[in-house]
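Below is one structure; the comments refer to it alone.
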Amino acid sequence: MKIVARGVGKHFHDKRGQDLPVLQGLDLTVGGGELLCLLGPNGCGKTTFLNLLAGFEPPDEGEIAIDGRLVTGPSPEYVMIMQSYDLFPWRTVLGNVEYGLEVRGWKREKRQQKARELIALVGLSGCEEQHPRELSGGMRQRVAIARALAVEPQVLFMDEPFGALDALTRSRMQQELLKLWRRRGMTIVFVTHDIQEAITLADRVAVLPSAPGPFRAVIQVELPRPRHPRDPAALPLRDRLEQLLQPT
Amino acid sequence: MKIVARGVGKHFHDKRGQDLPVLQGLDLTVGGGELLCLLGPNGCGKTTFLNLLAGFEPPDEGEIAIDGRLVTGPSPEYVMIMQSYDLFPWRTVLGNVEYGLEVRGWKREKRQQKARELIALVGLSGCEEQHPRELSGGMRQRVAIARALAVEPQVLFMDEPFGALDALTRSRMQQELLKLWRRRGMTIVFVTHDIQEAITLADRVAVLPSAPGPFRAVIQVELPRPRHPRDPAALPLRDRLEQLLQPT
Amino acid sequence: MMSVSPHSRRPDLAGERFWSPLLAVLVFLLLWEVAARLYANPYLLPGPWQVGLGLVEVWRSGKLFEHIAVSLYRFGAAYLLAVVLAVPLGLVLGWFTRLHRALDPLIQLLRPISPVAWFPLAVLWFKIGDLPAIFIIFIASFFPILLSTIAAVRNVESTYLKVALNFGSSKWSLLHKVVIPAAFPYIMVGLHIALGVGWIHLVAGEMLGAQSGLGYFILDARNFLRTDLVIVGMLLVGALGLLLDRLMAAAEKKVRRRWGIVS
Amino acid sequence: MMSVSPHSRRPDLAGERFWSPLLAVLVFLLLWEVAARLYANPYLLPGPWQVGLGLVEVWRSGKLFEHIAVSLYRFGAAYLLAVVLAVPLGLVLGWFTRLHRALDPLIQLLRPISPVAWFPLAVLWFKIGDLPAIFIIFIASFFPILLSTIAAVRNVESTYLKVALNFGSSKWSLLHKVVIPAAFPYIMVGLHIALGVGWIHLVAGEMLGAQSGLGYFILDARNFLRTDLVIVGMLLVGALGLLLDRLMAAAEKKVRRRWGIVS
Amino acid sequence: GRRGGDGRPRLRLGYLPITDHLLLLAHDYYDFQQVELVPVKFSSWPEAAEALRAGAVDAAFLLTPLGLALRHQRTPVQAVLLGHRNGSVLTLAARDDIDSPAGLVGKRIAIPSRFSSHYLLLRRLLDDAGLPPEAVEYIDMAPPEMVQSLAAGRLDGFIVAEPFGAQAEMQGVGRVFTLSKDIWPGHICCVLNLREPFLQKNPEAAQELVAGLIATGRAIEQDRLRAARQSVAYLGQAPEVIEFVLTRPPDRVTYHDLLPQRADFAATQEQMARVGQREAAAVNLDNYLEPALAAAAAGI
Ligand SMILES: Nc1ncnc2c1ncn2[C@@H]1O[C@H](COP(=O)(O)OP(=O)(O)OP(=O)(O)O)[C@@H](O)[C@H]1O
Ligand SMILES: Nc1ncnc2c1ncn2[C@@H]1O[C@H](COP(=O)(O)OP(=O)(O)OP(=O)(O)O)[C@@H](O)[C@H]1O
Ligand SMILES: [Mg+2]
Ligand SMILES: [Mg+2]
């Protein structure tokens, strides 16, 4: 599914009621089946932008359409993996991963089978019956990923999904994500702080500026896949992105 | 201050009351003024180990001493920056950073001045009056760092403190941390998933195994400071650590 | 609907704050009038119209304000006393689990005792008039505040305590800098419930020889079989209860905002 | 102290669960006996000893169990009815902010109405005996449950709702898979408070022509000026209240554990 | 027993808003010199009795059994005057046409409590008619709810102090089955109980109080309409209702012959014993009754 953002802006209000612009004049088109990485300094509005795309909040300016339809609220077709995981503390790992399927009315056996598959995919087999508070940070993050992938959404918004993973798990998860993405033809918007990760995953990389304004750049990653983290061919791109992330 | 852990072990109980060993037979000495990085796969027990060191929980086996005294509970001399930040939602940024000083009975003016300094250090000047829910993930993490640094603890336990920071802020924070560390002679135990970061910061790097057992290795980082992320001299160490992080 | 789902940029219309509650009240009055007419006998179930006439009658008697003032004074004294005693006690019992465990059965034993059952003691200790009324209302408000404060403290997230202890908080500073703010929203719910429960006991409290007050007014009207005046009294009690509730809600909002908790 | 600070590996001694509450109760009885002796006249303030004799007297009369059984039945029916109506209504009103805003003033107006004020309507609508008692207890339990359910729903963390909506939860599934579990601990506090408030109104409820039950027993004892029997009644009400409370707590614990919330 | 502002001892007198306590009009009718009378209205019997027992009031009009019970409990009270004689009504639903006690069998009759003159009266009625005590179903109920319950068809009748019977009559839902004076002619009901400490400390005040009340009783009987009008300030009932009670017939309730006499109390005790209330029935009347004040006032 294609995502189109036109002239999108968003401001918050502080306690004195003053306007705090966060996003301004953002134009972006993410093609169907594209994997776009979003880079930008802390507090530049990446999470806010994802929230707008996913329909959790309305933009104050401009409009967002997915698959030609205006986004007016959240939908199970575009699922978000939030920065803070937000697992349901009253459900087990299995229960959390099952959740989306349950909502869709899958039969218990079928959905548990599917949930177990995804728990295995994120490397948490054996933890099915644990509750979130019994898991480590990285494990929780993986549960959130499994929960989102279980429903096979057409569009996936991922907000620093691998931030708490160890290096090995992280690169394994990157590979799994790419596999799924290719197999299912999902459209993915992926927020990360790791330039390396962006280069490994993305079709294109969009860079948000630190002060509200249009994208600093949207760069095509021309490297063939599979990409290797230490591939010297990636170095110029890496330098370019690092430079774009410097404050103006 | 010197930290000594001798034969430390910890197990949790699952809902059926069964023993889940997490840590076993850990021996470690962190010298006074040393900066030790702790690496290990997700769920290997890094957070648990820090919790034991900081006195939040008692070890089930072995004992932990800081500065020659047995750890029996938390103390303001050794401060922990938790993986989940845990800012007080009812306090502003300034209020959060002030907290530790307030507890120590500092006068309002003095502590606010100090708090502002640290807020500036982590690059959040101007956000003093915001509440945590108005901050981005990376900003919250930096508030937690400022809150901990404000009290100038002798020992600092940091659990993936830079995980949500953008690349630039991250490397700036690394430099600031090193500066403070050198100036104050703190002892620091620093958990990270970023091998690069461990190499940039650490005097020594300790690697926890994925299954409960003694440290896989505790490696001296011989590189001179300041260290550069892409220094080719670091490559062998990097490879070594990557290998140690592979499951056995 | 709550704030999350479908985008609502609608301005907060006056309708929501003013007209829709008014409509609800009007519908209620209408149903009541119809029900009253069905019962035919106005002594049994007077309709709103007749109750309105009763109100006018009471108003003309000129004693209404005295009743209201006296009741507000009694209630205010009792409720404040309950807050001042129950909140700290609740904080202490929520905090010291062992003490709580020791005292809980006693609390649970005393809690369900009806104000009627306290009467002999109330008269013995406080004679008649203001004090026994204050005592009865106090007893009624005390336990809900106590229970919800205990529950609120026990539900404080332990990570906040961890952080605070790590910074070397003294017990006292932990309490008033961490536990109270963290428990605040739920303590507030308890205060809110207690407001209603205490106010309900106005009537019971004013049975003990009080010679004025809304409770006295209701009891008196009941003795005269003036059901219309009983309902006038009920509605006055209700209206004042509503007013108190709104004041409470406003205070709550203010504190919540200072606490950074958007409600 | 709460679970966090100094390491406590102490096993959970029987002392905490059993001996310390017993001690608290004994200290209370002792203070009471002393106070009673100071007052000299055992009719004014009967001591525990005399109350004990009263209990024996009632026990011998053989009607005790009937009173208890009848009261439990009435209370149980009323409380269940209140739960069954107030929790869903609270969920709905907590959820549909606009509806809540419309109805809130009406609720707040009706809420503080004393059971005494409901008497005329209760005798009008319900046959003498069980039904008016059930009605009065129902009214008393209803509002605390309603209010705390509304508050609990409104305090549900919005991120949980976000996630659920994102997965396309229907309203209904949102409610019972997310809102209810998330609000559960606080709804429970309300159920707990309502248990006490409702049980308090047993006495009032059994004023309306009931010829049995603990409330009737207390009223009767009061009419006979038998303060010792009044206190026997109070303590029986208290003890049963305590029992109900413990059953509630056990149920709560079980659900909490299933919910993965360690208390 | 505290002093009032003008040095007169203050006497707090507990009462209920019923015609039985109309003597309270003395506060209006009589110019007390030795005592400051402070009327304290209660809304039900137990509260008034408890207040007297705790010394929160110095005197109170109480049902005979309640006064006896207080005395039995060693509360230092004495019966110094009757409040009235007669004055209660067995009211039945207007829809029934029962005309003899036999018709009461199986009916639900409300009483204010088992410890009331009204219960004793009802039991006597059954006795006299040769009916067993369990012939009717007794319903303990607060008087204000009786009229409503009767109207709603939940009760077949009730016996209680006036004006509740009169209210039922005036609303057309009840009718007089029998007046209490016809069940037990000249029966006593409410008694003025005075705390002994007050009596001992302020004998003149007590004497004047009793004299004032007796004089008021006379005045009420002389002009019942005026009494009905004046009652509003104390009872608060609608004057028409009180007028109804005081005049239909005029001897429904009487306020003369108020000397507390042993025979009346003994008869009540006897009836209490018969219905199983032995404790209060065992009170030694010699200590409880203090007829001297009333005798002095009446010039006996
Ligand atoms: N509810 C709010 N009220 C006021 N300001 C807010 C609110 N939420 C976010 N902001 C502000 O909006 C800006 C963007 O926040 P956002 O969370 O989108 O940043 P981000 O790019 O995701 O940062 P990070 O990399 O740290 O996650 C921040 O400056 C933040 O302070
Ligand atoms: N309260 C608990 N009850 C049961 N098991 C627990 C509990 N807390 C942690 N564990 C388990 O202990 C193990 C270690 O957890 P810990 O949080 O220390 O890992 P970690 O090394 O910090 O991982 P990460 O890198 O993901 O933060 C995990 O397998 C986790 O499931
Ligand atoms: Mg973010
Ligand atoms: Mg961890």
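The values are calculated or read from the model by the stated rules, or taken from the named source; none is laboratory data. The model shown is predicted, which means the values in this text are computed figures rather than measured ones. Glycine gets a Cβ as well: all are built from the backbone with ideal geometry, and neighbour counts include every protein chain shown. SASA here: full protein model, heavy atoms, side chains in, ligands and nucleic acids out. Shrake-Rupley method; radii C 1.70, N 1.55, O 1.52, S 1.80 Å.
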Worksheet entry | For A:G7, net neighbour charge (Lys/Arg +1, Asp/Glu -1) across residues whose Cβ lies under 9 Å away | -2
Item to complete: Evaluate the charge dipole of the protein assembly as shown about its Cα centre and quote only its size in Debye, nearest 20, assuming +1 on the Cβ of each Lys and Arg and -1 on the Cβ of each Asp and Glu.
Response: 3180 debye
Response to the item:
If unit charges are put on Cβ atoms (+1 for Lys and Arg, -1 for Asp and Glu) and the dipole of chain B is taken about its Cα centre, the option from B:L36, B:G137, B:G100 lying farthest towards the positive end turns out to be B:G100
Worksheet item: When we measure straight from the Cα of A:K46, which lysines land under 18 angstrom away, once same-chain ones fewer than 8 places off are left out?
Response: A:K10, D:K162
Worksheet item: In degrees from 0 to 90, rounded to the nearest 10, what is the angle of the helix D:115-125 Cα long axis to the longest principal axis of chain D?
Response: 80 degrees
Item to complete: Assign unit charges at the C-beta atoms only (+1 for Lys and Arg, -1 for Asp and Glu), then state the dipole size of the range E:170-227 relative to its Cα centre in Debye, rounded to the nearest 20.
Response: 200 debye
Discussion item. For chain A, give me the percentage of DSSP beta bridges that are antiparallel, rounded to the nearest 5 percent.
Written reply: 55 percent
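With a sphere of radius 10 Å drawn around the Cβ of D:G54, what net charge do the other residues whose Cβ falls strictly inside it have (Lys, Arg +1; Asp, Glu -1)?
-1
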Worksheet item: Which of the lysines could a cross-linker bridge to C:K253, judged by Cα under 23 Å and excluding same-chain residues fewer than eight apart?
Response: A:K15, C:K177
Worksheet item: Gaussian network model of chain C, Cα springs within a sub-10 Å range: biggest mean-square fluctuation belongs to which of C:T97, C:T159, C:T227?
Response: C:T159
Worksheet, complete the sentence: The summed charge of the E:D96 Cβ neighbourhood (under 11 Å; Lys/Arg +1, Asp/Glu -1) stands at 0
Practice prompt. Kindly give the distances from C:F96 to its copy-mates, label point to label point, with each label point 7 Å from Cα along Cα→Cβ, as nm values to one decimal ordered shortest first.
Written response: 4.9
Worksheet item: If amide H atoms are built 1.01 Å from N in the plane of the peptide, which residues on other chains or at least 5 residues away come under 5 Å of the amide H of B:D60?
Response: B:G9, B:K10, B:H11
Discussion item. At a threshold of 8 angstrom on Cα-Cα distance, excluding pairs fewer than six apart, so keeping six or more, what relative contact order does the range A:95-248 reach in percent?
Written reply: 17 percent
Fill in: Residue-averaged beta-carbon neighbours from other chains (10 angstrom radius) around E:151-160
3
Worksheet, complete the sentence: For the axis mapping B onto A, the chain B residue whose beta carbon sits nearest, plus its rounded distance in angstrom, comes out as B:G163, 3
Item to complete: Mark the label point 7 Å from the Cα of C:F28 along Cα→Cβ and return the residues of the range D:106-138 whose backbone N is within less than 14 Å of it.
Response: D:106-114
Fill in: 7 Å along Cα→Cβ, label-point gaps from A:L235 to other copies, nm, shortest first
1.0
Item to complete: Measure nothing but the geometry: give the 0 to 90° angle between the long axis through the Cα atoms of A:93-103 and the longest principal axis through the Cα atoms of chain A, rounded to 10°.
Response: 80 degrees
Response to the item:
Between the residues D:A210, B:V122, E:L104, the Cα farthest towards the positive end of the dipole of the protein assembly as shown, that dipole coming from +1 and -1 charges on the beta-carbon of Lys, Arg, Asp and Glu, is from B:V122
Fill in: For the range D:51-61, Karplus couplings with θ = phi - 60° (6.51, -1.76, 1.60), whole Hz, Gly/Pro x
4, x, 4, x, 4, 4, 4, 5, 4, 4, 5
Worksheet item: Once you charge only the Cβ atoms, +1 for Lys and Arg and -1 for Asp and Glu, what is the size of the charge dipole of chain A about its Cα centre, to the nearest 20 debye?
Response: 620 debye
Response to the item:
Percent antiparallel among DSSP beta bridges confined to the protein assembly as shown, nearest 5, equals 55 percent
Worksheet entry | Label point 7 Å beyond Cα along the C-beta direction, distances from B:G9 to other copies (nm, shortest first) | 6.4
Response to the item:
In a Gaussian network model of chain C with springs linking alpha carbons closer than 10 Å, the residue among C:A140, C:A102, C:A78 that fluctuates most is C:A102
Response to the item:
Longest principal axis of chain E (C-alpha) makes with the long axis of helix E:203-222 (C-alpha) an angle, in degrees to the nearest 10, of 40 degrees
Item to complete: Only Cα pairs under 8 Å and at least 6 apart count here; give the relative contact order of chain E as a rounded whole percent.
Response: 27 percent
Worksheet item: List the lysines whose alpha-carbon lies under 28 Å from that of D:K127, not counting same-chain residues fewer than 8 positions away?
Response: D:K63, E:K107
Worksheet entry | For B:L38, distant residues with modelled amide H under 5 Å away | B:F190, B:V191, B:T192, B:A206
Worksheet item: Along the charge dipole of the protein assembly as shown, which of E:M272, C:A86, E:L125 sits closest to the positive end, that is, farthest toward it, with unit charges on the beta carbon of Lys, Arg, Asp and Glu (+1, +1, -1, -1)?
Response: C:A86
Worksheet item: How well do other chains shield peptide B:220-226, expressed as the mean number of their Cβ atoms within 10 Å of each residue Cβ?
Response: 0
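When you count, for each residue, the other Cβ atoms within 10 Å and take the mean per peptide, how do E:244-255, E:118-129 rank with the highest first?
Numbers: E:244-255: 18.8, E:118-129: 20.4.
The packing order, highest mean first, is E:118-129, E:244-255.
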Practice prompt. Counting only DSSP beta bridges with both residues in the range E:42-171, tell me the antiparallel percent, nearest 5.
Written response: 45 percent
Discussion item. Keeping all protein chains in the complex and leaving out DNA, RNA and ligands, what accessible area do you get for D:V84 with a 1.4 Å probe, in Å² to the nearest 10?
Written reply: 90 Å²
Worksheet item: How would you rank D:199-205, E:173-179, highest first, on the average number of other Cβ atoms within 10 Å across their residues?
Response: D:199-205, E:173-179
Worksheet item: With a 1.4 Å probe, how much accessible area is buried between chains C and E, both sides summed, in Å² to the nearest hundred?
Response: 2100 Å²
Worksheet item: In peptide D:180-187, what is the residue-averaged number of other protein chain Cβ atoms found within 10 Å of each Cβ?
Response: 3
Worksheet, complete the sentence: Over chain E, the sum of -39500 (n - 2.57) across DSSP H runs of at least four, divided by residue number and rounded to 500 deg cm²/dmol, gives at 222 nm -11500 deg cm²/dmol
Fill in: Mean separation of Cα contacts under 8 Å (6+ apart) over length of the range D:46-259, as relative contact order %
29 percent
